[in-house]
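Since every read-out is calculated from the coordinates, none of them should be taken as a lab result. These numbers come from a predicted model, not from an experiment. Virtual Cβ from ideal backbone geometry, glycine too; neighbours counted across all protein chains shown.
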Amino acid sequence: MPVTNTPLASSLRIRVQTGTNANGQPIYRVRTYNRVKPEATDQDVYDVAQALGGLQVYPVSAISRINEGDLSAGA
């Protein structure tokens, strides 16, 4: 039986480097933006993340998208 994934929710995570610790290792913080439309394309989400990153005080080190879906066995 094939499995069907029904998109339920999506969120955007932007990781920023807020500084360094005493050993010179980077310190990161994550900004999470919920309620991203699941049907939005990855390119559109990335473009929005770039725009939001431009508004941040700290430099962006990573952009992630987290998708949540309902898996069900098809008939």
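Going through (1) of a type outside the set (G, A, S); (2) touching a residue at least 60 places away in the same chain (Cβ under 8 Å); (3) surrounded by 13 or more Cβ atoms within 10 Å (Cβ to Cβ) one by one, P2 falls short only on (3). Looking across the stretch 19-55, the residues that are of a type in the set (S, T, Y) and surrounded by 10 or more Cβ atoms within 10 Å (Cβ to Cβ) come down to T20, Y28, T32, Y33, Y46.
Would you call Q25 without any contact (Cβ under 8 Å) to a residue 40 or more places away in the chain, over 14 Å from S64 (Cα atoms) and not hydroxyl-bearing (S, T, Y)? When the stated conditions are applied, Q25 passes them.
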